[in-house]
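Okay, structure first, notes after.
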Amino acid sequence: MSDIGSRDAAAPATLPLAVRHGVPLEARPRLLGDMLDRSVARFPDRAAIDFMGKVTRWGELGAAVDRAAAALQALGVVKGTRVALCLPNTPYYPILFYATLKAGGIVVNVNPLYVERELTHLIEDSGAEVIATCDIAEIQARVLKVASVTGMRHVISCPIADALPPLKKFGYKLVKRKEIGRAATDGRHLSFAGFMARGGTPAPVAVDPDEVAVLQYTGGTTGVPKAAMLSHANIVANTDAMLVHVGGESADQDRVLGVLPLFHVFALTNVLTFATLVGAEMILLPRFELKQLLATLKRTRPTYFPAVPTIYNVLANVGEGERPDLSSVKVCISGGAPLPQEVRHAFEANTGAKLVEGYGLSEASPIITCNPFEGLNKEGSAGLPFPGTTIEIRDRDDPARIVAAGEKGEICARGPQVMSGYWRNPAATAAVFADGALRTGDVGYLDADGYLFIVDRIKDMILCGGYNVYPRVIEEALYEHPAVVEAVVIGVADAHRGQAPKAFVVVNDPAVTGAALRDFLRDKISKIELPREVEIRDTLPKTLIGKLSKKELVAEEEAKAAR
């Protein structure tokens, strides 16, 4: 566990380079707003946000946050009020994120693509009283409907066009006019401009760093989403550890590419709070679109590029004429899903950039391991414990027992970034801790050097005739075939074995069949692991951040079996 200093101690400009894996993190719990205020004071004229070419400076961001915090207080936001942010990556998100915290509120992160049922659950479960959304008609209409049903007090509508540079603003309004929503502006519904007009200077609110800052919902693919309670201290600790991991603050301003949505915990820490800590520039994109991403890479030349494997996979396969120049990028950080080594090698060969894999989960703010940026980037590994973090491998049948190095078990973690529990869910909280260590639900092992290797998720494990079959093993084997672009394996009902693996793949060669891929696997995995079927598809379902998603495929197969 971290050595915790005084809350009032001065924050170091650069954390010691010697504070590395296995050594306590020399960080202190403090408020997220304190990090913002520090960068605003140090770098008022530095670029803080680049959104499609429109730049907001740190001094401007700080002023907007203060005004928005006062506006929230004018709406009745007090300490503990939940404010939902249902926003794509735009300047509105950082403004309202920090404004909510400065007003004493708690941020509820919401995926704008959630359907009404999912959105209703999050609003009712969190008790959010205010929600901010964009004016994309489809999203706005859904939010307004749910807000009415759940009795939310206020809805703030943020126009995408107003966040753009003048020429792009004109073009957006012209081309997207049919997609722009028109929300009512009354006491309950506010435009962002009308909302900000209520602002001024926020009243100070006494908040302890250990109090909840963010409700981060997780677990929706396997059941009803639960909210991880992430405190200011949790998120700040993971941000401090990130600074240690990268080797300290750079002499020149860094630029962090934000193609992943900020409402997702990976981007929240790796883009928003890390940039805030060091005064870096956040290059925000509203979504992943290849042409736009390539143009942004060329225009902005970022120094850090966090993303998910599917994005790196796309870049690994772009042609020579489109190949991005990533020479400015110090390192690309892959998270959110397992990184197939074939994808890593193809990406590095095609772009010349360095790609390292990290690992984490919402309940840990999120990072708990990462491969070093300098040093051994061990093949197939999720890396070393993050600074201040302890990784334990516990027996799956007896979680009280920690297993030996090299032995497989459930990955568990301790550290200052680990949540206190799930919001209003003591039973789920009790189940997710073992002797105080966070249970990840993933199977893995530590090698003799302390590197973590992930075998698979316990919940994804397929019970096949009494044997444990891990989909990741099969997926990794499929990626060895040169025609396989994407692969997902799930368990399907089987009359003889209870469950059997089935693979779904996207290929770049129409001549390659599912039967041929199944034959390809025969000498690479055991007979028990051999998929009953390999189905070729044009596309595979993905989450908004680009992770391959299994829940839609599982639902399809269950529907077939029920016929």
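When only the heavy atoms of the protein chains count and the probe is 1.4 Å, how do Ser381, Ser420, Ser191 rank by accessible area, highest first?
Working: Ser381 5, Ser420 80, Ser191 45 Å².
So the residues, ranked largest to smallest area, are Ser420, Ser191, Ser381.
Taking a ≥ b ≥ c as the square roots of the Cα gyration tensor eigenvalues, with a/c under 1.5 meaning rounded and otherwise prolate when a/b beats b/c, else oblate, which class fits region 58-100?
On the way: a/c = 2.52, a/b = 1.24, b/c = 2.03.
It comes out oblate by the Cα gyration axes.
Taking the Cα centre of region 478-563 as origin, sum charge times position over the Cβ atoms of Lys and Arg (+1) and Asp and Glu (-1), and report the length of that vector in debye to the nearest 20. Mind showing how you got there, number by number?
Working: 14 positive and 14 negative charges, 51 e Å.
Roughly 240 debye for region 478-563.
Treating only the Cβ atoms of Lys and Arg (+1) and Asp and Glu (-1) as charged, compute the dipole magnitude of the chain about its Cα centre; round to the nearest 20 debye. Provide the component values of the computation, followed by the final result.
Details: 62 positive and 65 negative charges, 349 e Å.
Dipole size: approximately 1680 debye.
Within the chain, what whole-number % of the accessible surface is contributed by carbon and sulfur, with the 1.4 Å probe and all protein chains included in the calculation?
On the way: 12140 of 22470 Å².
Heavy-atom surface of the chain belonging to carbon and sulfur, 1.4 Å probe: 54 percent.
Would you please name the trypsin sites (Lys or Arg not before Pro) within region 106-179 that are DSSP coil residues with at most 14 other C-beta atoms within 10 Å of their C-beta?
Details: sites: Arg117, Arg142, Lys145, Arg153, Lys168, Lys169, Lys173, Lys176, Arg177, Lys178; in loops: Arg153, Lys176.
Those satisfying the criteria are Lys176.
Determine the shape class of region 200-297: with a ≥ b ≥ c the square roots of the Cα gyration tensor eigenvalues, call it rounded for a/c under 1.5, and otherwise prolate if a/b is greater than b/c, oblate otherwise. Walk me through the numbers before you get to the answer.
Working: a/c = 1.70, a/b = 1.15, b/c = 1.48.
It comes out oblate by the Cα gyration axes.
Using a 10 Å cut-off on Cβ atoms, rank the peptides 30-40, 360-370 from the highest mean neighbour count down.
Numbers: 30-40: 20.7, 360-370: 27.5.
Packing order, densest peptide first, comes out as 360-370, 30-40.
Once the Cα gyration tensor of region 424-486 is found, what semi-axes does its equivalent ellipsoid get, as square roots of 5 times the eigenvalues, in whole Å, sorted largest first?
Details: eigenvalues 164, 56, 30 Å².
Semi-axes from the Cα gyration tensor: 29, 17, 12 Å.
What per residue convex hull volume, in Å³, do the alpha-carbon atoms of the chain yield? Display every interim value, and only then the final one.
Details: hull volume 91.1 nm³, N = 563.
Spelled out: Cα convex hull of the chain, divided by residues, is 162 Å³.
Residue separation times 0.36 nm, minus the C-alpha to C-alpha distance between Arg299 and Val224: what's the value?
On the way: separation 75, 0.36 × 75 = 27.00 nm, distance 4.14 nm.
Contour length minus the Cα-Cα distance gives 22.9 nm.
Along the charge dipole of region 335-467, Cβ charges K/R +1 and D/E -1, which of Ile458, Ala431, Gly415 sits furthest on the positive end?
It is Ala431.
Under 1.5 on a/c is rounded, so check that first for region 452-511, then, if it is not, pick prolate when a/b is larger than b/c and oblate when it is not; a ≥ b ≥ c are the square roots of the alpha carbon gyration tensor eigenvalues. All intermediate terms of the calculation are to be shown ahead of the outcome.
Numbers: a/c = 2.98, a/b = 1.49, b/c = 2.00.
Judged from the Cα gyration tensor, region 452-511 comes out oblate (a/c at least 1.5, b/c at or above a/b).
Helices from the chain with mean Kyte-Doolittle at least 0.5 and a Cα length along the axis of 20 Å or more, per DSSP H: which?
Values: long enough: 58-74 (24 Å, 0.45); 232-246 (21 Å, 0.71).
Span-like helices in the chain: 232-246.
Distance cut-off 30 Å, Cα to Cα: go down the list Lys168/Lys354; Lys145/Lys547; Lys524/Lys547; Lys459/Lys524; Lys176/Lys547; Lys354/Lys550 and report the pairs above it.
On the way: Lys168/Lys354 33 Å; Lys145/Lys547 28 Å; Lys524/Lys547 25 Å; Lys459/Lys524 24 Å; Lys176/Lys547 27 Å; Lys354/Lys550 28 Å.
From Lys168/Lys354; Lys145/Lys547; Lys524/Lys547; Lys459/Lys524; Lys176/Lys547; Lys354/Lys550, over 30 Å: Lys168/Lys354.
For the chain, what does the accessible surface come to per residue with a 1.4 Å probe? Please give it in Å². The partial results should precede the final answer.
Details: 22470 Å² over 563 residues.
Computed with neighbouring chains in place, this is 40 Å² per residue.
Roughly how many nanometres apart are two label points built 7 Å out from the Cα toward the Cβ at Arg537 and Asp186?
Using points 7 Å along Cα→Cβ, the separation is 4.3 nm.
The values are calculated or read from the model by the stated rules, or taken from the named source; none is laboratory data. Because the structure is predicted, anything quoted here is derived from the model rather than measured. Here the Cβ is made from the backbone with ideal geometry for all residues, glycine too, and neighbour counts use every protein chain on show. Remember, those area values only see protein heavy atoms, side chains included, never the ligands or the DNA or RNA. Shrake-Rupley method; radii C 1.70, N 1.55, O 1.52, S 1.80 Å.
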